[in-house]
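Data block below; observations after.
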Amino acid sequence: MKFFKKTILPIFLATGWISISEFVRNEFLAKSYWIDHYDKLGLTFPSEPVNGVVWGIWSFFFAITIFFLSKKFNLLQTTLFSWFVGFVMMWVVTANLLVFPLGILPLAIPLSILEAFVAALIIHKLSDQS
């Protein structure tokens, strides 16, 4: 039971938070950026259910990454390192592929830092990493 409470539960709660955060940011706050950018590229923005499933898997992997980082680093370090690993590296790759709308960054940067912080906080508090 301790393994569930200290490992599984924090990872799944953080996954839930990350998934909700991603959905709200990209479906409600930034979807027009994505659609306009993809239209300019002559592409259709991928918003099929399978894309949501893949983002759910990404959220799970991100939560696992945060969990392992939290074992080594304090809350601030975990937040910043996980944000770099989860977002900055992804943005560099997607920008390189020209599928990332750079105009979204003023919205994406603070919200993604908040996302990483809350996920790290959930994990730190529930797994006794504080």
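The values are calculated or read from the model by the stated rules, or taken from the named source; none is laboratory data. For clarity, every value in this text was computed on a predicted model and none was experimentally measured. Because the Cβ atoms are built from the backbone with ideal geometry, glycine has one as well, and the counts that use them run over all protein chains shown. Surface accessibility is based on the protein's heavy atoms, side chains included, excluding ligands, DNA and RNA. Shrake-Rupley method; radii C 1.70, N 1.55, O 1.52, S 1.80 Å.
Please work out which residue is surrounded by the fewest Cβ atoms within 10 Å (Cβ to Cβ), limiting yourself to segment 14-30 and to residues that are touching a residue at least 60 places away in the same chain (Cβ under 8 Å) and in a helix (DSSP H, G or I). Once the filter is applied, the top-ranked residue is Leu29. Taking Val24 as the residue in question, decide whether it is within 19 Å of Ile11 (Cα to Cα), of a type in the set (A, V, I, L, M) and within 15 Å of the chain's Cα centre (by Cα). So Val24 does not fit the description; no.
Return the total of residues in segment 31-74 being part of a helix (DSSP H, G or I) and over 17 Å from the mean Cα position of the chain (by Cα). First the steps, then the outcome.
Of all residues in segment 31-74, those part of a helix (DSSP H, G or I) come to 31-40, 49-70.
Next, from what is left, pick out any that are over 17 Å from the mean Cα position of the chain (by Cα): 32-33, 35-40, 49-50.
Result for segment 31-74: 10.
Is it the case, given these coordinates, that Leu80 is at pLDDT 95 or above and under 19 Å from Trp17 (Cα atoms)? Criteria met by Leu80. The set of residues in segment 104-124 being in contact (Cβ under 8 Å) with a residue 60 or more places away in the chain and over 16 Å from the mean Cα position of the chain (by Cα) is empty. Restricting attention to segment 75-103, the residues that are closer than 17 Å to Trp58 by Cβ, crowded, with 17+ Cβ neighbours inside 10 Å and over 14 Å from the mean Cα position of the chain (by Cα) total 1. If the condition is being hydrophobic (A, V, I, L, M, F, W, C) and open to solvent by 60 Å² or more (accessible area, probe 1.4 Å), then segment 31-43 contributes Ile35, Leu41, Leu43.
Are any residues in segment 61-73 in contact (Cβ under 8 Å) with a residue 12 or more places away in the chain and either of a type in the set (Val, Ile, Thr) or out of contact with any Phe, Trp or Tyr (no Cβ under 8 Å at 6 or more places or on another chain) (or both), and if so, which ones? Even if it seems obvious, please write down each step before you answer.
Residues of segment 61-73 in contact (Cβ under 8 Å) with a residue 12 or more places away in the chain: 62-67, 69-71.
If the condition is that a residue be in contact (Cβ under 8 Å) with a residue 12 or more places away in the chain and either of a type in the set (Val, Ile, Thr) or out of contact with any Phe, Trp or Tyr (no Cβ under 8 Å at 6 or more places or on another chain) (or both), then Phe62, Ile64, Thr65, Ile66, Phe67, Ser70, Lys71 are the ones that fit.
Only one of Leu98, Leu105, Leu69, Leu80 is closer than 15 Å to Pro10 by Cβ and among the hydrophobic types (A, V, I, L, M, F, W, C); which? Among Leu98, Leu105, Leu69, Leu80, only Leu69 is closer than 15 Å to Pro10 by Cβ and among the hydrophobic types (A, V, I, L, M, F, W, C).
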